[in-house]
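Reading through the structure tokens given below for one structure.
The values are calculated or read from the model by the stated rules, or taken from the named source; none is laboratory data. Just so it is clear, the structure is predicted and the values come from calculations on it, not from any experiment. Here the Cβ is made from the backbone with ideal geometry for all residues, glycine too, and neighbour counts use every protein chain on show.
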Amino acid sequence: MNKSIFSINSLSKYSDLFQVVGVIGLIASLIFVGMELRQSQQIALVEQQQERVHLVVGIQQKWAENGLDFLNWLENGVNEENREFVISLKNSFWNIYDLDYQLYRKGYRDETQFLIKLNKGMIRNLNGRNREECKIAKRIWERRKAGIHPDLREIVEKLPNTCESLMIEEN
């Protein structure tokens, strides 16, 4: 009888070795897939950030195209010339903030990023630099809050209200 290395008897001797090699291959494959998923997630987050920057640049360009001063609004608040743009901007930002909160809750945003949005953007969006902007901000929030995630709504409701002092000063 021909004694080949590939005979049934000799293969059964190596079965444990083949199983170990198979398990190592499976583990290596899973590690590779995990690394690919992580890289895909990071790419998606960068693309999302790029879209946000594109959105903000687009908003600022619309202001410039219409002869409106974006910095003047940031510093002084709404006026008759920029009123409609401010309404649109504040409304759009609630969409962004709600999405950011959802990403934060699911672990795709870290707490530092969320707190920056909360302490800068959301407070500004909820308030205003003058009485008219405060009225607009309040009106938009009252209409939009029902569609905002309940946990985020609770957080926003606890944010400082600078409009109360503006309303008192102007009376």
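Brief remarks on what is shown
- Figure legend. Inter-residue proximity from the stretch 100-118: first residues closer than 21 Å to ARG38 by Cα, second residues outside any helix (DSSP H, G or I) and modelled with pLDDT under 85, beta-carbon distance below 7 Å, spacing 6+ or different chains. Indicated pairs: ASP100/ARG109; LEU103/ARG109.
- Yes/no for ILE59 being β-branched (Val, Ile, Thr) and loosely packed, with under 11 Cβ neighbours inside 10 Å: no
- Criterion applied to ILE116, ILE136, ILE155 was being out of contact with any helix residue (DSSP H, G or I) (no Cβ under 8 Å at 6 or more places or on another chain) and assigned to a helix (DSSP H, G or I), and the one residue passing it is ILE116.
- Members of the stretch 9-67 found to be polar (S, T, N, Q) and under 30 Å from GLU80 (Cβ atoms), listed by number: GLN60, GLN61, ASN66
- Some residue of the stretch 141-148 being assigned to a loop (DSSP other than H, G, I, E, B), at pLDDT 90 or above and surrounded by 18 or more Cβ atoms within 10 Å (Cβ to Cβ): yes
- ILE136 vs. criteria under 16 Å from THR162 (Cα atoms), surrounded by 15 or more Cβ atoms within 10 Å (Cβ to Cβ) and of a type in the set (Val, Ile, Thr): yes
- All told, ARG105 falls short of being more than 13 Å from the chain's Cα centre (by Cα), surrounded by 11 or more Cβ atoms within 10 Å (Cβ to Cβ) and under 29 Å from GLU142 (Cβ atoms).
- Residues of the stretch 71-102 satisfying the condition of being under 23 Å from the mean Cα position of the chain (by Cα) and aromatic (Phe, Trp, Tyr): PHE85, PHE93, TRP94, TYR97, TYR101
- Number of the condition not met by LEU17 [criteria: (1) loosely packed, with under 10 Cβ neighbours inside 10 Å; (2) closer than 30 Å to LEU166 by Cβ]: (2)
- Residues (out of contact with any Phe, Trp or Tyr (no Cβ under 8 Å at 6 or more places or on another chain) and surrounded by 15 or more Cβ atoms within 10 Å (Cβ to Cβ)) located in the stretch 108-128: ARG109, LEU118, ILE123, ARG124, ASN127, GLY128
- Of the residues making up the stretch 119-133, those that are in contact with a helix residue (DSSP H, G or I) (Cβ under 7 Å, 6 or more places away or on another chain), over 18 Å from GLU84 (Cβ atoms) and at pLDDT 90 or above are MET122, LEU126, ASN127.
- Scanning the stretch 80-102 for residues that are in contact with a helix residue (DSSP H, G or I) (Cβ under 8 Å, 6 or more places away or on another chain) and either assigned to a loop (DSSP other than H, G, I, E, B) or closer than 19 Å to ALA44 by Cβ (or both) yields ASN82, ILE96, ASP98, ASP100, TYR101.
- Qualifying residue in the stretch 37-45 (condition: surrounded by 10 or more Cβ atoms within 10 Å (Cβ to Cβ), closer than 25 Å to ARG129 by Cα, modelled with pLDDT under 85 and not aromatic (Phe, Trp, Tyr)): no
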